[in-house]
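Below: one structure, written as C-alpha coordinates.
The values are calculated or read from the model by the stated rules, or taken from the named source; none is laboratory data. Computed from a predicted model, the values in this text were never measured in an experiment. So basically every Cβ, Gly included, is an ideal-geometry build from the backbone, and we count neighbours across all protein chains shown. To get the accessible areas, we keep the full protein, side chains included, count just its heavy atoms, and leave off ligands, DNA and RNA. Shrake-Rupley method; radii C 1.70, N 1.55, O 1.52, S 1.80 Å.
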Amino acid sequence: MTARLMRRLGVLLAGAILLAGCATPADDPGDPGGAGRPTGGGPMNGTPTAQPSVPAGFLECPDVASDKDLQLADVDLTTATWATPIGWAEASGYIEDNPLEEILANWVGEPVDDPLPRLNVGAVVIYGGLDWTDLADECGRVPITAIEAQLDRYREQIGAEPLSDVERITIAGLPALHQDIRLPSYDYTGYWVFSENQLLHAYCQWTAEEYRGPIEDGCLQIVESLTVG
(Lines give C-alpha, C1' and ligand atoms only; values in the text may rest on other atoms or scores of the structure.)
Protein backbone atom coordinates (compact mmCIF):
# COMPACT_ATOMS: atom_id res chain seq x y z
CA MET A 1 0.00 0.00 0.00
CA THR A 2 1.46 3.40 -0.92
CA ALA A 3 1.43 6.39 1.40
CA ARG A 4 -1.85 8.32 1.43
CA LEU A 5 -3.57 5.57 -0.54
CA MET A 6 -7.26 5.64 0.32
CA ARG A 7 -8.48 2.34 1.78
CA ARG A 8 -12.12 1.25 1.74
CA LEU A 9 -13.46 -0.97 4.49
CA GLY A 10 -14.82 -4.32 3.44
CA VAL A 11 -12.24 -7.09 3.72
CA LEU A 12 -11.56 -8.62 7.11
CA LEU A 13 -7.88 -8.93 7.87
CA ALA A 14 -6.24 -11.80 9.71
CA GLY A 15 -4.44 -10.18 12.64
CA ALA A 16 -3.71 -10.02 16.34
CA ILE A 17 -4.53 -6.55 17.59
CA LEU A 18 -5.48 -6.96 21.20
CA LEU A 19 -9.01 -5.60 21.08
CA ALA A 20 -9.24 -2.21 22.62
CA GLY A 21 -6.37 -0.38 21.11
CA CYS A 22 -5.67 3.15 20.07
CA ALA A 23 -7.63 5.42 17.83
CA THR A 24 -8.52 9.07 16.78
CA PRO A 25 -11.20 11.76 15.72
CA ALA A 26 -11.95 15.02 14.07
CA ASP A 27 -14.55 17.24 12.51
CA ASP A 28 -17.83 18.73 13.42
CA PRO A 29 -21.44 17.98 12.33
CA GLY A 30 -23.05 20.47 10.00
CA ASP A 31 -26.23 22.36 10.69
CA PRO A 32 -29.11 20.01 9.77
CA GLY A 33 -31.64 22.81 10.16
CA GLY A 34 -31.29 26.36 8.88
CA ALA A 35 -31.35 26.43 5.08
CA GLY A 36 -34.67 25.58 3.57
CA ARG A 37 -36.58 25.78 6.87
CA PRO A 38 -39.97 27.50 6.32
CA THR A 39 -40.35 30.91 7.94
CA GLY A 40 -43.49 32.92 8.55
CA GLY A 41 -44.17 35.92 6.31
CA GLY A 42 -46.35 38.95 6.95
CA PRO A 43 -48.34 41.48 5.02
CA MET A 44 -46.52 44.36 3.34
CA ASN A 45 -47.31 46.70 6.22
CA GLY A 46 -45.23 44.53 8.56
CA THR A 47 -48.11 43.31 10.71
CA PRO A 48 -46.84 40.14 12.43
CA THR A 49 -48.48 36.81 11.66
CA ALA A 50 -48.61 33.62 13.67
CA GLN A 51 -45.58 31.33 13.45
CA PRO A 52 -46.30 28.18 11.41
CA SER A 53 -46.62 25.01 13.41
CA VAL A 54 -44.54 21.87 12.71
CA PRO A 55 -46.49 19.77 10.19
CA ALA A 56 -48.05 16.59 11.51
CA GLY A 57 -45.72 13.63 11.04
CA PHE A 58 -42.56 15.72 11.35
CA LEU A 59 -40.24 15.95 14.35
CA GLU A 60 -38.11 19.02 15.03
CA CYS A 61 -34.84 18.12 16.76
CA PRO A 62 -32.33 20.59 18.21
CA ASP A 63 -29.31 21.16 15.97
CA VAL A 64 -26.90 20.31 18.79
CA ALA A 65 -27.25 17.53 21.34
CA SER A 66 -27.13 18.51 25.00
CA ASP A 67 -24.14 17.74 27.21
CA LYS A 68 -26.13 14.80 28.57
CA ASP A 69 -26.68 13.10 25.19
CA LEU A 70 -24.67 11.68 22.29
CA GLN A 71 -26.10 11.88 18.77
CA LEU A 72 -25.98 8.51 17.02
CA ALA A 73 -24.59 8.77 13.48
CA ASP A 74 -27.28 8.27 10.84
CA VAL A 75 -24.89 6.66 8.34
CA ASP A 76 -23.55 3.28 7.27
CA LEU A 77 -20.17 3.19 9.00
CA THR A 78 -18.89 0.45 6.69
CA THR A 79 -18.63 3.12 3.97
CA ALA A 80 -15.73 4.73 5.85
CA THR A 81 -12.50 5.48 3.98
CA TRP A 82 -9.19 6.93 5.17
CA ALA A 83 -5.60 7.52 4.08
CA THR A 84 -2.79 5.21 5.04
CA PRO A 85 -0.29 7.21 7.12
CA ILE A 86 2.88 8.34 5.37
CA GLY A 87 5.57 5.68 5.81
CA TRP A 88 3.01 3.03 6.83
CA ALA A 89 1.61 -0.03 5.06
CA GLU A 90 -1.12 -2.57 5.68
CA ALA A 91 -0.03 -5.12 8.29
CA SER A 92 -0.60 -8.87 8.29
CA GLY A 93 -0.71 -11.48 11.03
CA TYR A 94 -3.12 -9.62 13.32
CA ILE A 95 -6.62 -10.40 14.58
CA GLU A 96 -8.96 -8.80 17.10
CA ASP A 97 -8.18 -10.73 20.26
CA ASN A 98 -11.32 -9.70 22.16
CA PRO A 99 -14.04 -8.64 19.70
CA LEU A 100 -16.51 -6.22 21.27
CA GLU A 101 -19.33 -7.10 18.91
CA GLU A 102 -19.76 -8.71 15.49
CA ILE A 103 -16.80 -7.64 13.29
CA LEU A 104 -17.91 -6.27 9.92
CA ALA A 105 -14.53 -5.00 8.74
CA ASN A 106 -10.99 -4.73 10.08
CA TRP A 107 -7.89 -2.91 8.83
CA VAL A 108 -4.47 -2.85 10.51
CA GLY A 109 -1.47 -0.76 9.52
CA GLU A 110 2.10 -0.37 10.80
CA PRO A 111 5.17 1.82 10.15
CA VAL A 112 7.43 0.38 7.45
CA ASP A 113 9.84 3.21 6.64
CA ASP A 114 10.95 3.19 10.28
CA PRO A 115 9.79 -0.23 11.49
CA LEU A 116 8.80 -0.78 15.12
CA PRO A 117 8.47 -4.03 17.09
CA ARG A 118 5.30 -6.07 16.63
CA LEU A 119 2.08 -4.83 18.27
CA ASN A 120 2.97 -1.19 17.56
CA VAL A 121 0.18 -0.62 15.07
CA GLY A 122 -2.96 1.33 14.20
CA ALA A 123 -6.33 -0.13 13.31
CA VAL A 124 -9.84 0.69 12.16
CA VAL A 125 -12.53 -1.83 13.10
CA ILE A 126 -16.24 -1.71 12.27
CA TYR A 127 -18.62 -3.63 14.52
CA GLY A 128 -22.27 -4.48 13.94
CA GLY A 129 -25.03 -5.80 16.13
CA LEU A 130 -25.42 -2.83 18.50
CA ASP A 131 -28.95 -2.00 19.63
CA TRP A 132 -29.86 1.32 21.23
CA THR A 133 -33.62 0.88 20.67
CA ASP A 134 -34.53 1.08 24.35
CA LEU A 135 -32.30 4.09 25.05
CA ALA A 136 -32.40 6.33 21.96
CA ASP A 137 -34.98 9.10 21.74
CA GLU A 138 -36.94 10.13 18.63
CA CYS A 139 -33.98 12.22 17.46
CA GLY A 140 -31.51 9.31 17.67
CA ARG A 141 -29.80 10.54 20.82
CA VAL A 142 -28.62 8.33 23.67
CA PRO A 143 -27.77 9.46 27.22
CA ILE A 144 -24.01 9.92 27.48
CA THR A 145 -24.11 7.93 30.72
CA ALA A 146 -25.38 4.91 28.77
CA ILE A 147 -22.57 5.28 26.21
CA GLU A 148 -19.96 5.57 28.96
CA ALA A 149 -21.43 2.52 30.69
CA GLN A 150 -21.01 0.61 27.42
CA LEU A 151 -17.38 1.69 27.18
CA ASP A 152 -16.92 0.58 30.80
CA ARG A 153 -18.21 -2.87 29.85
CA TYR A 154 -15.81 -3.00 26.91
CA ARG A 155 -12.86 -2.09 29.16
CA GLU A 156 -13.92 -4.66 31.73
CA GLN A 157 -14.18 -7.30 29.00
CA ILE A 158 -10.55 -6.79 27.95
CA GLY A 159 -9.11 -6.04 31.39
CA ALA A 160 -8.22 -2.43 30.58
CA GLU A 161 -7.95 0.66 32.74
CA PRO A 162 -8.62 4.24 31.59
CA LEU A 163 -5.69 6.65 31.44
CA SER A 164 -7.91 9.66 30.69
CA ASP A 165 -11.50 10.77 30.94
CA VAL A 166 -13.83 10.17 28.00
CA GLU A 167 -13.56 13.20 25.67
CA ARG A 168 -16.32 14.28 23.27
CA ILE A 169 -15.00 15.11 19.80
CA THR A 170 -16.02 14.80 16.14
CA ILE A 171 -14.64 12.46 13.49
CA ALA A 172 -15.57 12.87 9.81
CA GLY A 173 -18.13 15.43 10.98
CA LEU A 174 -19.81 12.89 13.27
CA PRO A 175 -20.10 12.96 17.08
CA ALA A 176 -17.41 10.74 18.58
CA LEU A 177 -15.63 9.86 21.81
CA HIS A 178 -11.91 9.59 22.62
CA GLN A 179 -10.02 8.00 25.50
CA ASP A 180 -6.54 6.70 26.33
CA ILE A 181 -6.46 3.13 27.68
CA ARG A 182 -3.89 0.85 29.34
CA LEU A 183 -3.64 -2.93 29.00
CA PRO A 184 -0.95 -5.25 30.38
CA SER A 185 0.95 -5.46 27.07
CA TYR A 186 0.48 -1.96 25.66
CA ASP A 187 -1.25 1.41 25.91
CA TYR A 188 -3.50 2.80 23.21
CA THR A 189 -5.52 5.82 22.21
CA GLY A 190 -9.00 5.01 20.97
CA TYR A 191 -11.77 6.77 19.07
CA TRP A 192 -15.39 5.63 18.84
CA VAL A 193 -18.21 6.63 16.50
CA PHE A 194 -21.63 5.09 17.27
CA SER A 195 -24.54 4.67 14.90
CA GLU A 196 -27.88 3.05 15.74
CA ASN A 197 -26.50 -0.45 15.11
CA GLN A 198 -22.79 -0.07 14.30
CA LEU A 199 -19.59 1.10 15.96
CA LEU A 200 -16.44 2.43 14.31
CA HIS A 201 -13.40 2.02 16.53
CA ALA A 202 -10.15 3.63 15.35
CA TYR A 203 -7.15 3.10 17.60
CA CYS A 204 -3.38 2.96 17.79
CA GLN A 205 -1.31 1.06 20.33
CA TRP A 206 2.30 1.18 21.51
CA THR A 207 4.28 -1.28 23.65
CA ALA A 208 6.75 1.26 25.08
CA GLU A 209 6.70 5.00 25.63
CA GLU A 210 9.51 5.47 23.11
CA TYR A 211 7.19 4.22 20.33
CA ARG A 212 4.24 6.38 21.30
CA GLY A 213 5.18 9.43 19.21
CA PRO A 214 5.33 7.81 15.76
CA ILE A 215 2.29 5.65 16.48
CA GLU A 216 0.16 8.60 17.62
CA ASP A 217 1.30 10.65 14.61
CA GLY A 218 0.12 7.90 12.29
CA CYS A 219 -3.12 7.56 14.19
CA LEU A 220 -3.91 11.24 13.76
CA GLN A 221 -3.38 10.91 10.02
CA ILE A 222 -5.88 8.05 9.94
CA VAL A 223 -8.50 9.89 11.96
CA GLU A 224 -8.11 13.28 10.29
CA SER A 225 -8.43 11.73 6.81
CA LEU A 226 -11.38 9.52 7.70
CA THR A 227 -14.63 10.10 5.80
CA VAL A 228 -17.95 8.24 5.97
CA GLY A 229 -20.51 7.87 3.18
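Working ranking of peptides 183-190, 134-141 by packing, defined as the average number of other Cβ atoms within 10 Å per residue, highest first, is 183-190, 134-141.
Spin-label pair ALA89-ASP180: with each label point 7 Å from Cα along the Cα-Cβ axis, the two points sit 3.1 nm from one another.
Between VAL166 and CYS139, the modelled label-to-label distance comes to 1.9 nm, taking each label 7 Å out from Cα in the direction of the beta carbon. Would you compute the Debye intensity of the stretch 93-134 from its alpha-carbon atoms alone, equal scatterers and no solvent, and pass along log10 I(q)/I(0) at q = 0.17, 0.19, 0.33 Å⁻¹ to two decimals? The calculated log intensity ratios at q = 0.17, 0.19, 0.33 Å⁻¹ are -0.57, -0.66, -1.21. Each of the peptides 74-82, 112-120 was scored by the mean count of other Cβ atoms within 10 Å over its residues; in descending order, highest first, they stand as 74-82, 112-120.
So what is the diffusion coefficient of the stretch 96-229 in µm² per second by Stokes-Einstein at 20 °C and 1.002 mPa s, using a Kirkwood Rh over Cα pairs?
Details: Rh = 15.6 Å.
For the chosen part, D equals 138 µm²/s.
Expressed in nm to one decimal, what extension gain is obtained for the pair GLU196 and ALA149 from 0.36 nm per residue of sequence separation less their Cα-Cα distance? Numbers along the way, then the final one.
Working: separation 47, 0.36 × 47 = 16.92 nm, distance 1.63 nm.
My answer for the length gained is 15.3 nm.
Think of a 1.4 Å ball rolled over the protein heavy atoms: the stretch 66-126 then has 42 Å² of accessible area per residue. Amide H contacts of GLY87 (H built 1.01 Å from N, in plane; Pro and chain starts excluded): ALA3 sit under 5 Å, all sequence-distant by 5 or more or on other chains.
In this structure the stretch 163-229 gives 37 Å² per residue of accessible area when probed at 1.4 Å with all protein chains present.
For the stretch 109-229, which whole percent of the accessible surface, found with a 1.4 angstrom probe, sits on carbon and sulfur atoms?
Using a 1.4 Å probe with all protein chains present, the stretch 109-229 comes out at 45 percent carbon and sulfur.
Extension gain, GLN157-VAL112: 0.36 nm per intervening residue step, less the Cα-Cα distance, totals 13.1 nm.
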